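Read-outs throughout are calculated quantities, based only on the coordinates presented, and are distinct from any laboratory measurement. Remember, it's a predicted structure, so these values are computed and weren't measured experimentally. When we count neighbours, we look across all protein chains shown, and the Cβ atoms used for this are built from the backbone with ideal geometry, even at glycine.
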Amino acid sequence: DVKVTQSSRYLVKRTGEKVFLECVQDMDHENMFWYRQDPGLGLRLIYFSYDVKMKEKGDIPEGYSVSREKKERFSLILESASTNQTSMYLCASSFLVAADTQYFGPGTRLTVL
Amino acid sequence: GQNIDQPTEMTATEGAIVQINCTYQTSGFNGLFWYQQHAGEAPTFLSYNVLDGLEEKGRFSSFLSRSKGYSYLLLKELQMKDSASYLCAVGLRNSGNTPLVFGKGTRLSVIA
């Protein structure tokens, strides 16, 4: 079974703090994704990575950066957290980028005060 | 641009049948996925259709018509545990690396 894990289920941070969200997958997938999910807006893609050290912007990359130093690990970084980044963050991985099943982690509910 | 439409909310009775529709207008098509997401949890994969027709998997079935840009998820013998959001996602066929495009999801409430 594919397993995608995220470093925290719940996180509370202050405005202006630097925040790291980590995601690890154990299926040797090439591709990893970061989404945020907000009521009424659905899943929105922040960044994805199709290989180690490679990254592509998604639909809403502003205010975020990512890091992929190892194949199994994909980190999302909020350089200076703001209250409008309070959200549920979901990581996913897949074998192919396009038209392939994505497997999701349990999510991190981030609150920025 | 890519557009996927699903109803926002639906309510159905325990034991009944419910159909959740998804229409899409995308540049290229390479399959349609359905995911189930319980409140506070991650989406989990339900089904994948790339050819026209009905795919049945237990109580759940998924249908695709590529010419109409239309899919539906059919849930039979509804149970309370089927209360969840159902996400439709489309895979695109193009030359670049384009991830799945997700709809906003349909929240299904199953009532007694």
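The mean sequence distance of close C-alpha pairs (under 8 Å, at least 6 residues apart), as a share of the length of the stretch A:6-96, puts its relative contact order at 38 percent.
Computed from point charges on the beta carbon alone (+1 for Lys and Arg, -1 for Asp and Glu), the dipole magnitude for chain A about its Cα centre is near 400 Debye. Taking label points 7 Å from Cα along the Cα-to-Cβ direction, A:ARG109 and B:LEU51 give a separation of 4.3 nm. Relative intensity of the stretch B:1-97 on a log10 scale, I(q)/I(0) at q = 0.10, 0.13, 0.14 Å⁻¹, equals -0.27, -0.45, -0.52, per a Debye sum over C-alpha point scatterers of equal strength in the absence of solvent. Quick one: grab the alpha carbon gyration tensor of the stretch B:57-106, order the square roots of its eigenvalues as a ≥ b ≥ c, and give me rounded if a/c is under 1.5, else prolate or oblate depending on whether a/b is larger than b/c. Prolate, because a/c is 1.5 or more and a/b exceeds b/c. Looking at chain A alone, DSSP beta bridges between its own residues are antiparallel in about 90 percent of cases. Exposure proxy for A:ASP51, A:ASP28: other Cβ atoms within 10 Å of each Cβ, ordered fewest to most, give A:ASP28, A:ASP51. Principal axis extents of the Cα atoms in chain A, from largest to smallest and rounded to whole angstrom, are 36, 29, 24.
In this structure, the residue pairs whose Cα-Cα separation is over 30 Å, taken from A:LYS71/B:LYS81; A:LYS3/B:LYS57; A:LYS18/A:LYS55; A:LYS13/A:LYS71; A:LYS18/A:LYS71, are A:LYS71/B:LYS81. In the protein assembly as shown, taking the dipole from charged Cβ atoms about the Cα centre, the farthest positive-side position among B:MET80, B:VAL18, A:VAL66 is held by A:VAL66.
Simple rule: put +1 on each Lys or Arg Cβ and -1 on each Asp or Glu Cβ in chain A, find the dipole, and look at A:GLN37, A:THR15, A:ALA92; the Cα lying farthest toward the positive end is A:THR15.
Charging the Cβ of each Asp and Glu at -1 and of each Lys and Arg at +1, and nothing else, the dipole of the protein assembly as shown about its Cα centre rounds to 360 debye. Placing +1 on each Lys and Arg Cβ and -1 on each Asp and Glu Cβ, with no other charges, gives chain B a dipole about its Cα centre of roughly 220 debye.
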